[in-house]
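Down below is the structure, laid out as structure tokens.
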Amino acid sequence: MKIDKLSFVDRAAAQLRIEILHGRLLPGARLTEIDLSEQLGTGRGTVRAALSALETEDLIVKQPYSGWSVRDISEKELWETYTLRGALEGLGARLVAVGKNKEIESKLKAAFARLQQAEASEDSGERVDADLGFHRTIVDLAGHASLSRQYFGLSNKVEWLYRWSESHWPSRIDLTSWHRPIVEAILSGDPNVAEKAIREHGESSLADDLRDFAELRRRSA
């Protein structure tokens, strides 16, 4: 028998996080403590604490005199998130390339194989999970605890943007060809080549999102 140690605040934050990540609470949507407390069946104090927790994850914002809202999508949000992610993953790729061994090679190839399976399945959710899992594997294999903690702090926001992007432009990229250069670069054992591959990947992803976001905004105007 296991005891569920999650507090009411943790549970409320987890539920709201899922709603945001999966797009059921849309970017820019206003959040009121009264409505959320009724929907979650908990007190306003619990909701307020849960919202504060999600604010630290950069998923929601609190504006003076106007209350809470889901963070909105903007060019600045995309740029900040992708560039920070690229810096963290760049370090991870360098470390993995330097420490490359049979175990690392096996785990990296397994993460890439999952990408290939997700591409073949054409399942949107699996595509996102496999993509995120591949990048997380690189950071985990780096064996750098502080890097992993920093990356974990960014991971929910990255997932939010990934799922938002996939919902607007499903299967826009081929996961296999998109990530193969990263695998080859890391397995080359050259840290400079590995970091360059990750950074170029992130820059291309950002450019695609910025281009398509501008078009989406133009159509909505």
### Message
I need the P(r) histogram for the stretch 1-139: all alpha carbon pairs, bin width 5 Å from 0 out to the longest distance, whole percents.
### Response
2, 9, 13, 15, 15, 14, 14, 11, 6, 3, 1, 0
### Query
Between their Cα atoms, which of 107/196; 76/157; 102/196; 76/100 are more than 25 Å away from each other?
76/100
#### Entry: Convex hull of the stretch 1-63 built on C-alpha atoms - directionally averaged projected area, nm²
4.8 nm²
## Note on the structure
If amide H atoms are modeled at 1.01 Å from N in the peptide plane, then the residues at a separation of 5 or more from residue 31, or on another chain, having amide H under 5 Å from its own are 68, 69, 70
### Task
Let me have the relative contact order for the stretch 114-172, percent, based on Cα pairs under 8 Å that are six or more residues apart.
40 percent
### Task
Would you give the gap between the C-alpha center of the stretch 150-221 and the C-alpha center of the stretch 10-74, rounded to a whole Å?
26 Å
### Message
Once neighbouring chains are kept in place and the probe is 1.4 Å, which whole percent of the accessible area of the stretch 178-221 is contributed by carbon and sulfur?
### Response
50 percent
### Query
For the chain, what does -39500 (n - 2.57) per DSSP helix run (n ≥ 4), summed and divided by total residues, give at 222 nm, in deg cm²/dmol to the nearest 500?
-25000 deg cm²/dmol
### Task
Filter the trypsin sites (Lys or Arg not before Pro) in the stretch 1-107 down to the DSSP loop ones having no more than 14 other Cβ atoms within 10 Å, then list what survives.
2, 5, 24
#### Entry: Rounded tilt (10° steps) of 8-21 against the dominant C-alpha axis of the chain
60 degrees
#### Entry: GluC sites (Glu not before Pro) lying in DSSP loop within the stretch 102-138, provided at most 11 other Cβ fall within 10 Å
122
### Message
Within the stretch 93-157, what whole-number % of the accessible surface is contributed by carbon and sulfur, with the 1.4 Å probe and all protein chains included in the calculation?
### Response
48 percent
## Note on the structure
In order over the stretch 22-35: 3J(HN,Hα) from phi, Karplus 6.51/-1.76/1.60, θ = phi - 60°, whole Hz, x for each Gly or Pro, gives 9, x, 7, 10, 6, x, x, 5, 6, 10, 10, 4, 5, 4
#### Entry: Karplus 3J(HN,Hα) series, Hz, for the stretch 100-106 with 6.51 cos²θ - 1.76 cosθ + 1.60 (x for Gly, Pro)
3, 8, 5, 5, 4, 4, 5
### Query
So for the stretch 40-119, what are the equivalent ellipsoid semi-axes in whole Å, largest first, each being the square root of 5 times an eigenvalue of the Cα gyration tensor?
38, 17, 13
### Query
Given a 1.4 Å probe, how much area per residue of the stretch 53-120 is accessible, in Å²?
52 Å²
### Query
Roughly how big is the stretch 38-128's charge dipole about its Cα centre, with Cβ charges of +1 (Lys, Arg) and -1 (Asp, Glu), in debye to the nearest 20?
400 debye
### Task
Sticking with the crude label model, points 7 Å out along Cα→Cβ, report the distance from residue 221 to residue 30 in nm, one decimal please.
2.6 nm
### Task
Using only the alpha carbons, work out the radius of gyration and Dmax of the stretch 76-221 in angstrom.
15.0, 53
### Query
When the chain is fully extended, how far beyond the present Cα-Cα distance does residue 106 get from residue 124, taking 0.36 nm per residue of separation?
3.9 nm
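The values are calculated or read from the model by the stated rules, or taken from the named source; none is laboratory data. As the structure is a computational prediction, the values presented were derived from the model and not from experiment. A quick note on method: Cβ atoms are made from the backbone with ideal geometry, for glycine too, and the neighbour counts reach across all protein chains shown. Side chains included, ligands, DNA and RNA excluded: accessible areas come from the protein's heavy atoms. Shrake-Rupley method; radii C 1.70, N 1.55, O 1.52, S 1.80 Å.
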